[in-house]
Each structure stands twice: as structure tokens, then as C-alpha cells.
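The values are calculated or read from the model by the stated rules, or taken from the named source; none is laboratory data. Note that this is a predicted model, so its numbers are computed, not measured. Here the Cβ positions follow ideal geometry from the backbone for every residue, glycine too, while neighbour counts run over all protein chains shown.
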Amino acid sequence: MNAYVIFGILFALAILYNFLNGFHDAANVVATIIASRAMSSRAALLLAAVANFIGPLMFGVAVATTIGKDLVDPDSITITALIAALVSANAWNIITWWFGIPSSSSHALAGGLVGAALIYGGVAIIKMDGLMKIALALFISPILGFMFGWLILKLTYWLARGATPKINKTFNRAQLVTATALALSHGTNDAQKAMGIIVMGLVTLGFQDHFYVPQWVIVASAIPIGLGTASGGWRIIHTLGGKFYRIRPIHSFTSQLASSLVILGASVLGGPVSTTHVVSSTIVGVGAAERKSQVRWLNLTDIAVAWVITVPITAALAAALYPILRVFLGP
């Protein structure tokens, strides 16, 4: 098949991945600000969409480099394997959205990429240092989210000691800043994953002689994640916004601040993280800091199960898809 056609398929799937990412992860940015009634749902989604679009344009391409260069050498994998990885990740995003499960788009893409790479070239083409970097970022970031959420709520209560209930108005206004910061960090980290795959395709097909992220790829990746966020994933917004505990302005403000610090820090360091799991863990950390008994811990079950099974399922699906796609697209 013509190289331009094959790249067009890869590019369309990458754009779809970013749209689904924004749609799926809209809840991460807006759920608490809606639940705390600081903003209307429409205004919150619009704010998140704009910031999600701007984020990828501001903070470099370290995550794209990790995904596209440090896990698998672009010269050692085929375009068909990359397409299998994207199909797997997109399918899992749609399935988990349908059932309202806050799973990780990042886990889905990492799993799909590893599964496709293994079925194509075996363990030899996977860079273990890069794999460990990604695994470490995905594993540690929710723990940091919980810790930051716990600490920031405690600190906020200490700073606001003696305040009257009117301080809730201050927390609501402050959420304009923290929600924007969270949306910027989400767009920065998550949009770069598709960038990495697109550039891998360009290198694999010979359209670029080495890995670098052109400006048009950055813009093309930013647009769909913003549009996806504007569309909103209401099933998951319900899960994050109300199932853990009754969220008040102070909870929303502190969880957004904690989440944005973790995600933006990871983005600058090139660590691809799961926004879903970071935000979920900070919400729980904030609730636990106030009173452990107020958190509905059993409602973490779906998130925990998705956290465990996403990588193996998407890896297996990509591995199963590769031989089928190879018949139509070539190696």
C-alpha cells in the first residue's frame, strides 16, 4: 500500500486517540469544579478545552520523545505495528467510556505499543530503560497525587484556620486558576503521546531521517484533545465528581492544585502519566486528609481494576490485531 495512504491511516488514528483522550479525560479536569458548583458544566468544559489546546504548545515535547523514541526505536518497528497499537488503545478508551470507568488512556497506549512491538520483533526491540521510565512514571504518579492531595489540604486548613464560611467564595474563585493549571498540564502531557506516535510513523516511513517533533504535529495533536474535552465524557464526570464523597470548594481547589503539580512536573521531566489516576488519587488523598471515613473506598474498585488490567488487555489486543492488519497493510 502507498506510504502516504498508510501514514494517513496512522495520522487519523492518532488524531482520534487524542480526541478520545480529551473526551475520556474531560472528567479529570472539570468533575470537581462542577461538583463544588464553582462553575457551570458548560463554562468548565469550555475553560478546560481552551487550556487543553494551549497546553501542548507551551511546555515542550519531552513526553513525546519518551513515547516515540525511548520505548521502541522508530527504525526497529513497522507502521503496521504502530497502527495496531493505536487501534487497541482507541478501542479500550471507547469501551471504558461506555461503562463509565475512569481508565487510563496512557496505560492503553503504552500497553498497545508494547504488545505490537513484542509480536513484531520480540523483546529485543524494546528499550528496557525507556520501558522502566514509563512504568515508573505511571506507577509513582498516583502515589504522589495522593500524598500531595493529603498534604495540600492539611496545609490549606492550617492557613485558613479561623476563617468564616465566606472563604468558600475565595476557594471557588481560586479554582479558575487551579482548573486552568490542571487543564494545561493535562493537555501538555496527554497530547504529546499522540505526537510521539505520529513522529514514529514519519521516521518509520522515511519522511523524516531522525526523531524530532515538527510544529505542525504539535498543533495537529492539540486541536483534537481540545475538541474532545469540549465534548465532555459525562459518564466519567459523574464517577469522579460524586462517588467518592461530597466535594466542597476546598476539596476541589486542593485536588486540582495537587494534580496539576504532579502532572506538569512529570511533563517537564518527560514522564507520561495517567491523568485519570493522578486526579482520582488526589481526590481520595484530599478526602482522606479531612476524614478517612468520609471516602467511599469501595467506589475505587472499578478504577483499581482498570489500573491493573488496562496494560495487559491492550497489549494482548494489539498483538492479536497485528497479524490481521499485516494482511492488508503489509509488515
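For this structure, a couple of remarks:
- Within the set 219, 199, the sole residue that is out of contact with any helix residue (DSSP H, G or I) (no Cβ under 6 Å at 6 or more places or on another chain) and either touching a residue at least 24 places away in the same chain (Cβ under 8 Å) or surrounded by fewer than 24 Cβ atoms within 10 Å (Cβ to Cβ) (or both) turns out to be 219.
- Considering the stretch 36-140, the qualifying helices (runs of 4 or more DSSP H), each wholly inside and each with 3 or more residues that are surrounded by 17 or more Cβ atoms within 10 Å (Cβ to Cβ) and touching a strand residue (DSSP E or B) at 6+ places or on another chain (Cβ under 8 Å), run over 105-121.
- In this structure, residue 124 does satisfy being over 18 Å from the mean Cα position of the chain (by Cα) and over 23 Å from residue 19 (Cα atoms).
- All conditions but one from (1) within 29 Å of residue 13 (Cβ to Cβ); (2) over 16 Å from the mean Cα position of the chain (by Cα); (3) surrounded by fewer than 23 Cβ atoms within 10 Å (Cβ to Cβ); (4) in contact (Cβ under 8 Å) with a residue 60 or more places away in the chain apply to residue 147; the one that does not is (1).
- Just so you know, in the stretch 144-159 the residues that are of a type in the set (A, V, I, L, M) and at pLDDT 90 or above include one that is nearest to residue 269 (Cα to Cα), and it is 144.
- When the test is whether a residue is under 14 Å from the mean Cα position of the chain (by Cα) and closer than 28 Å to residue 136 by Cβ, residue 84 does not pass it.
- Scan of the stretch 100-130 for residues that are touching a residue at least 12 places away in the same chain (Cβ under 8 Å) and of a type in the set (A, V, I, L, M, F, W, C), ordered by number: 101, 108, 109, 110, 113, 114, 116, 117, 118, 119, 125, 126
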